[in-house]
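Derivation of every value follows stated rules applied to the coordinates shown; laboratory data play no part. Fair warning: this is a prediction, and the values are worked out from it, not measured in the lab. Note: ideal-geometry Cβ built from the backbone for every residue, glycine included; neighbour counts use all protein chains shown.
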Amino acid sequence: MKKISVLVLAVVLLFALAGCGQETAGPEAGTPLSTFYEGVMAAQPEGAEELILFEESDPGLIESFYPGLDKIQLRQQAFYMPPVATAPCEIVMAEVENAADVQAVKDIFQARIDKGAADTTYPESAEGWQKLAQVQSSGNFVCMIVLPETNVIPENVFELNQ
């Protein structure tokens, strides 16, 4: 009996130690999206275009830019857009409730990029969407970001300010 107890304890300890070395699957759930936004803004180099973005909350406007997003269960979402855009400039972040929805949000964000890149009315803007816009994700967090050429898009917005 004593040998079995020691063996069980050793197996439990082994599993506990194995779990300690694992990386997390992304930022901690519920981390405010404003934390990542502030990190992006702080990462902008001196001399870059000044970014004036407002947090947008109009559901109709959001649905027009990101159709289908309202059908996905989100823990939180944040949309930062300029009042007037002279160049592609948008930061949109979401934390999905279920990890299975991450790809659907990435697809919706990519569709926004594709639409901007296909806009023939403003060729310079379309080129910016095509060359500069990107979708990033980490764990249950997803971001679509496009900034003017003079600005910097961090390699991983979800590692900033943590």
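State the dimensionless ratio Rg/Rh of the range 26-159 (Rg: radius of gyration of Cα atoms; Rh: Kirkwood radius). With Rh from the inverse mean 1/r over Cα pairs, Rg/Rh is 0.94. Of the residues Val96, Val142, Val84, the one with the fewest other Cβ atoms within 10 Å heads the list, and the complete ranking is Val84, Val96, Val142. Residue by residue, the range 121-132 carries 3J(HN,Hα) couplings of 5, 10, x, 5, 5, 4, 5, x, 4, 5, 8, 9 Hz when phi is fed to the Karplus relation 6.51 cos²θ - 1.76 cosθ + 1.60 (θ = phi - 60°); x denotes Gly or Pro.
Exposure proxy shown here: for Glu97, Glu124, the number of other Cβ atoms within 10 Å sets the order, fewest to most, as Glu124, Glu97. Ordered by the count of other Cβ atoms within 10 Å of each Cβ, fewest first, Glu155, Glu63 give Glu155, Glu63. Straight-line cross-link partners of Lys71 among the aspartates and glutamates, defined as a Cα under 17 Å from its Cα and at least 8 positions apart when in the same chain: Asp58, Glu63, Glu95, Glu97, Asp101, Asp107.
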